[in-house]
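Participant: Provided herewith is a single structure, encoded as structure tokens, for subsequent inquiry.
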Amino acid sequence: MLAADSARIRGAVIDLALGDTAIAARGRDALDAGAPEDWETAISLAAAWGVLHPFRRHHDESRLSPAARTALRQAALALAARSTFILHRSVAALRLLATANVPYVAIKGVGLIAALDRPPATRATGDLDIIVRESDAERARRALMAADFAEINPEFEQHMSDITLSSQLHNYARALRLDGFEVDLHWRMGVHPPAALAAARLIDRAIVARAIQREILVADPVDGVLINVHHALRGSFDLHNTVRDLCDLRLWWEHGPIPARLDETIGLAVESGLAPALLALWTTILERDPAHGVRAGVERLASVLTAPQRAESALMLQYIEDQIQHGRAAKLTLDLFKPRLYLREVFGKLLRALTKTATAPAADAYRAEHRPLTVRLANFLPRARRVLDEVRRAGAVPAYRAVARAQRRFH
């Protein structure tokens, strides 16, 4: 597929997922103007991004081809079935922690569905994300493993070292799986978490919600907003996750208490260093739905930020739009703007490899993939050319620098 076609389809999916009637019509027209299979490609992309439900908001399915109509209905059924399955299994997993007297808070997909009392298909979710206190992490792991969950990460010490050394932002977490259901057990939002996202604080502020007729503890809606912002920034605004975060922010505004708690939300975003990113994400929504109530949030937040913070937010917004136009940014390009972290990762892992003693083989659930040196060398030139192409785009360097600078705050 040509780059221009990919950009058109990406833009159309986002227009349909976030846009008002006029913007959604723009997205439909963009897909209608392409090849007959573009609608099926867009449906697959919306499902992969986890935004199929909002993508369908402005659809007249009678306008679709029979193949596209079938693809949309099948994807919607799969979404509903998967999210319902995850919700049922999540409630059972959370009961294990409650029985073991491990304080927790459910976040992201399961947390949003329960906190806002939305149908499971409203928000695609593929796993359960939980936060526990660092002092309770081992007890939480044991409680889940006693119920036959198996960890699927590398050996613990290596995994924690990878997180600490990485030039990217990674939460301290372990993933455990049972029968196709995965629990992501978090205990710290990165090396230096934002002030509002400390595990103990999130747990103390947790609210009681209901899911599948059971009470569970989920993130307070204000905290849910900040978690979405941190998640998007942590992932370098990669569209695969960021479009879903944008849809979540829209849901928090439309069905939650955020308009009534706007000053609290903004105050905590500013305190935590997440305000420029929040402004960029809210503005992305507003640009596709100018009459949306989030305008009040954009205007209020912009009024309390400093000029440098507003400039940083504008660059983040440009970065997001640039990814819609050109596709996912290369990790190495961002690393150029945080060289200290990149060198720490490279030399830290090299030193660890040189000094590492023989260890037991990894569990069967995890197998590290090591590409042959010849393959890595063959990929070097295309990667270098991609980086060069990215930094040569007009205005790209300031935008990359702004995102890298925002991420460095939490390393």
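The values are calculated or read from the model by the stated rules, or taken from the named source; none is laboratory data. Note that the coordinates shown come from a computational prediction; the quantities given were computed from them, not determined experimentally. Ideal geometry is used to build each Cβ from the backbone, glycine not excepted, and the neighbour counts take in all protein chains shown. Side chains included, ligands, DNA and RNA excluded: accessible areas come from the protein's heavy atoms. Shrake-Rupley method; radii C 1.70, N 1.55, O 1.52, S 1.80 Å.
Participant: Average projected area of the Cα convex hull of segment 113-174, in nm²?
Facilitator: Working: hull surface 24.2 nm².
That works out to 6.0 nm², a quarter of the Cα hull's surface.
Participant: Also: Give the lysines whose C-alpha is closer than 27 Å to that of K108, dropping any in the same chain fewer than 8 places away, or say none.
Facilitator: Cα-Cα hits under 27 Å: K331.
Participant: If R0 is 41 Å, what FRET efficiency do you get for R142 and L350 from their C-beta distance, rounded to 0.05?
Facilitator: Details: r = 34 Å, r/R0 = 0.82.
Result of the calculation: an efficiency of 0.75.
Participant: Describe numerically, in nm with one decimal, the distance between label points set 7 Å from Cα along Cα→Cβ at S65 and at D204.
Facilitator: 5.8
Participant: Between A3 and D263, what FRET efficiency comes out of the Förster formula 1/(1 + (r/R0)^6) with R0 = 35 Å and r the beta carbon distance, rounded to 0.05?
Facilitator: Details: r = 43 Å, r/R0 = 1.24.
Plugging the Cβ-Cβ distance into 1/(1 + (r/R0)^6) gives 0.20.
Participant: Give me the accessible area of H192, 1.4 Å probe, in Å² rounded to the nearest 10.
Facilitator: Near enough 100 Å² of accessible area.
Participant: Follow-up. In debye, nearest 20, what is the charge dipole magnitude of the chain about its Cα centre with +1 on Lys and Arg Cβ and -1 on Asp and Glu Cβ, if you could check? Display every interim value, and only then the final one.
Facilitator: Numbers: 54 positive and 47 negative charges, 176 e Å.
Computed charge dipole of the chain: roughly 840 debye.
Participant: Taking 0.36 nm per intervening residue step and subtracting the Cα-Cα distance, what contour gain separates T164 from A384 on full extension?
Facilitator: Working: separation 220, 0.36 × 220 = 79.20 nm, distance 2.58 nm.
This chain segment gains 76.6 nm when fully extended.
Participant: Can I ask one more? Positive end of the charge dipole of the chain (Lys, Arg +1 and Asp, Glu -1 on Cβ, about the Cα centre): tell me which of Y319, A114, L354 has its Cα farthest that way.
Facilitator: L354
Participant: Something else: Under a 10 Å cutoff between Cα atoms, tell me which one of P194, P308, P221 has the largest fluctuation in the Gaussian network model of the chain.
Facilitator: Result for the chain, Cα springs under 10 Å: P308 fluctuates most.
Participant: May I pose another question? The list (i) 154; (ii) 207; (iii) 145 gives values of volume of the Cα convex hull per residue in Å³, and only one came from this structure; which label was calculated from it?
Facilitator: Recomputing volume of the Cα convex hull per residue in Å³ here picks out (i).
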